[in-house]
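Here's the structure, in structure tokens; my notes come after.
FYI, it's all coordinate maths here, none of it is from the lab. On a predicted model such as this, the values are computed, not experimentally measured, just so you know. All Cβ positions, glycine included, derive from the backbone under ideal geometry; neighbour counts span all protein chains shown.
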Amino acid sequence: MGKYVLKRLLLIFPVLIGITLITFAIIHLTPGGYTSVNMQMNIKVSPDSVARLKTLYGLDKPLHTQYLDWVSRVLRFDFGTSFIDQRPVMDKIYERLPATLLLNLISLVLIFIVGIGIGVASAVKNGGTFDKVMSVITFIGYSLPSFWLALLLMILFGVVLRWLPVSGMVSLGFDYMSPMQKIGDLILHLILPVFVTAFGGLAYISRYVKSSMVETLSQYYIKAAYAKGMPEKTVIYKSALKNSLLPVITLLGLSLPGLIGGSFIFETIFSWPGMGRLAYESALSFDYPVIMGVATIAAFLTLLGNLIADIAYALVDPRIRYR
Amino acid sequence: MKNIIEIQNLTVEYKIKEGLVHALTGVELHIQKGEAIAIVGESGCGKSTLASALINLVALNAVKSGTVKINDMEILSAGKKVLENIRGKEIGIIFQEAGAALNPVFTVKEQIEETITAHFGKLEKPELEKRGLALLEETGLNDRERIYKAYPHQLSGGQQQRVMIAIALSCNPEILIADEPTTALDVTVQAQIMALLKKLKKDRNLTLILITHDLHLAVDMAQRIVVMYAGEIVEEGKISQEKDAMHPYSRALFELIPDINAEARDFKIIPGEVPDMTTKENKCRFFGRCATAKPKCGTMHPEYEKVKEGHAVRCFYPVKD
Ligand SMILES: Nc1ncnc2c1ncn2[C@@H]1O[C@H](COP(=O)(O)OP(=O)(O)OP(=O)(O)O)[C@@H](O)[C@H]1O
Ligand SMILES: [Mg+2]
């Protein structure tokens with residue numbers, strides 16, 4: 001097991017190199033660029049100063065040299081400074097990370113707890129009313145573009161009904177609130193973003209759990225469990241549940257990229273002060289160091305999540321033993 | 001002697017797209033306490049369905065009628081609680097494939113102890129473990145400490161089947177059903193498991209129902225043989241050799257089985273196939289494969305009739321020589 005974990009940890013590095021290389025290539029191949037957006041449009045800036053700036057940021061060097069420079073700095077844990085405000089990239093990410101983690105962890109927990117609940121309930125009464133209603137809802141969940149759902153909910157709950165705040169993480173007067181009020185305020189701000197972030201995943205997980213559970217319930221060992229005289233509840237929630245939830249652990253790892261990808265969109269829609277919005281803003285202004293920093297951290301977190309999911313799977317499934 | 005099992009006019013049909021599979025039709029069977037009987041027949045003739053019906057655990061698409069009484073308790077109409085009490089505690093069952101009947105993600109210990117707990121409530125841990133290990137000893141397992149903590153995939157086929165037997169006996173049932181307990185095993189292990197079942201039958205004074213397609217094995221284990229064909233009982237009686245059998249199908253089954261010691265294991269297959277189980281024609285089900293069939297057999301369905309004390313046959317022309 002230890003050896004396996006080590007191997008997987010080491011494998012993170014080649015994958016990270018691949019991801020950063022591709023990100024790097026894409027942002028540099030995109031038409032436009034830092035200097036064109038921020039200077040060439042401006043008639044007051046002379047071509048001379050543009051060239052000087054390029055030299056300053058090393059943008060005049062060949063691409064592969066730029067990438068290697070970047071890698072050698074990152075190896076020293078130096079992600080550089082933002083082109084826009086000259087602040088260290090790490091600082092910028094560091095202050096945005098908690099908001100993103102908060103939103104995504106709550107969504108993830110919700111997706112799995114509620115998704116598993118719905119899935120199991122649908123499987124136990126397969127074809128029943130609850131199952132049918134859930135099929136329709138999850139079908140909607142799959143097919144609705146979630147950014148559209150987000151806008152719709154914002155209009156309904158934020159503009160028409162005025163029940164929920166539609167942007168940001170806290171209200172203006174947050175600093176002057178009592179601790180209880182602060183928590184309440186945060187929760188209110190969380191409701192819409194969490195719901196929208198979780199909705200698609202919820203649909204997916206609940207259908208997956210349902211089919212996994214239905215499949216398990218048809219197994220021979222479930223018949224054998226009934227034949228031993230075990231009560232139905234024990235058979236379903238002990239004998240069958242463990243078998244059908246094992247593959248779901250792997251999904252936990254697989255759902256991370258989707259969540260991170262979703263963050264870019266939803267954080268921007270809801271003005272959520274997280275990493276996704278930071279990446280979006282940086283992309284608009286061709287702030288290369290920040291884009292690269294966010295991409296690296298996001299990739300690292302995803303890979304780590306996958307690894308944790310795989311290890312958890314190996315720990316709970318007795319049939320899997322890694323060498 | 002008192003009948004521990006009484007089956008009357010038991011019919012089980014599976015609903016499928018193409019219609020109904022008549023898995024069991026009008027089955028009549030009485031089994032006395034402490035008896036060892038064998039149910040014999042080719043694949044697909046309804047043996048496992050009969051075993052499942054005895055604990056009212058047939059598939060959800062099954063339609064069942066008739067009565068099954070265990071110790072005078074009607075099973076087919078019984079409620080959940082009654083069934084839970086009977087399953088495992090009055091009737092233990094060993095399935096065709098132990099590998100598939102054991103839950104892959106729980107240890108042997110967990111699977112034995114959960115059965116005991118289901119019937120006797122929560123016992124002290126050491127007491128549970130003591131009982132579990134004693135069961136493994138009774139089923140002839142060595143290396144018990146390891147096997148007790150092992151997962152099913154860490155055991156050999158023979159060990160899995162012994163564990164299955166231990167589970168089936170864990171709540172001291174009076175009746176043990178063994179549904180082809182050795183089909184998935186190789187010949188030497190088969191013989192060991194059979195010897196074990198024989199011993200357990202004697203030691204625990206079990207009522208044993210052995211289900212098999214091997215008539216020789218059946219004759220070796222049981223005092224009474226029940227032969228099934230296409231969902232019907234076609235013969236029942238004390239059969240210990242070929243000439244005791246009176247139904248042409250039973251005779252054919254005797255010839256079917258090769259000598260285990262024979263070099264080439266070429267089975268002599270009965271010509272023809274088991275009839276389509278979704279149709280019920282007015283003729284003998286064995287008509288078409290029967291070597292001694294006469295015209296009448298193709299126009300009427302024979303009744304199940306007593307030919308002598310303790311012996312009944314479903315045939316217009318029982319073989320008598
Ligand atoms: N759930 C089901 N749905 C539809 N048909 C079924 C179902 N279970 C069994 N059958 C059919 O019912 C018939 C009897 O099956 P059963 O399993 O009782 O046979 P068997 O005598 O145990 O055979 P084998 O020796 O192969 O185990 C077969 O034709 C089988 O295909
Ligand atoms: Mg069978």
Taking a label point 7 Å from the Cα of B:His30 along the Cα→Cβ vector, which residues of region B:237-258 have an amide N closer than 16 Å to it?
-> B:237-238
Sorted by average packing, counted as other Cβ atoms within 10 angstrom per residue and highest first, what order do A:175-186, A:251-262 take?
-> A:251-262, A:175-186
Per the 1/(1 + (r/R0)^6) rule, R0 = 60 Å and r from the Cβ atoms of A:Phe300 and B:Lys294, FRET efficiency to 0.05 is 0.10
To the nearest Å, what is the center-to-center distance of region A:234-294 and region B:101-170, using C-alpha atoms only?
-> 43 Å
Residue-wise, which Karplus ³J(HN,Hα) couplings in Hz belong to region A:51-66, taking 6.51 cos²θ - 1.76 cosθ + 1.60, θ = phi - 60°, and x for glycine or proline?
-> 4, 4, 5, 4, 4, 4, 8, x, 7, 8, 6, x, 4, 5, 5, 4
Count of Lys pairs (Cα-Cα under 15 Å; at least 8 positions apart or interchain) in region A:89-322 | 8
Which of the residue pairs B:Lys17/B:Lys283; B:Lys47/B:Lys243; B:Lys64/B:Lys109; B:Lys69/B:Lys320; B:Lys2/B:Lys280; B:Lys80/B:Lys122 have a Cα-Cα distance greater than 29 Å in the structure shown?
-> B:Lys64/B:Lys109; B:Lys69/B:Lys320; B:Lys2/B:Lys280
Using the Kirkwood formula over every pair of different C-alpha atoms, what hydrodynamic radius in Å results for region A:53-118?
-> 14.9 Å
Rounded to a whole number, the mean other protein chain Cβ count within 10 angstrom for residues of A:214-223 is 4
Hey, with R₀ at 51 Å, roughly what FRET efficiency would A:Thr250 and B:Met73 work out to, going by the Cβ-Cβ distance, to 0.05?
-> 0.65
Which whole number gives the average, over all residues in B:102-108, of C-beta atoms from other chains lying within 10 Å of the residue C-beta?
-> 6
Cα-only Rg/Rh for region A:89-322 with Kirkwood Rh rounds to 1.04
With N denoting the number of residues in the protein assembly as shown, provide Rg(C-alpha) divided by 2.2 N^0.38 Å, to two decimal places.
-> 1.37
What are the extents of the Cα atoms of region A:202-289 along their three principal axes, listed from largest to smallest and rounded to whole Å?
-> 67, 21, 15
For chain A, what is the mean residue ellipticity at 222 nm derived from helices alone (per DSSP H run of n ≥ 4: -39500 (n - 2.57); sum divided by total residues; nearest 500 deg cm²/dmol)?
-> -24000 deg cm²/dmol
Label-zone membership for region B:282-321, site B:Leu20, 7 angstrom Cα→C-beta point, backbone N under 17 Å | B:282-283
Backbone N under 11 Å from the A:Ile320 label point (7 Å along Cα→Cβ), restricted to region A:213-255 | A:246-254
In terms of Cα to Cα distance under 13 Å, which aspartates and glutamates are near enough to B:Lys125, apart from those fewer than 8 places away along the same chain?
-> B:Glu110, B:Glu113, B:Glu114
Assuming R0 = 56 Å, can you tell me the calculated FRET efficiency for the pair A:Tyr176 and B:Ser65, based on Cβ-Cβ distance, to the nearest 0.05?
-> 0.15
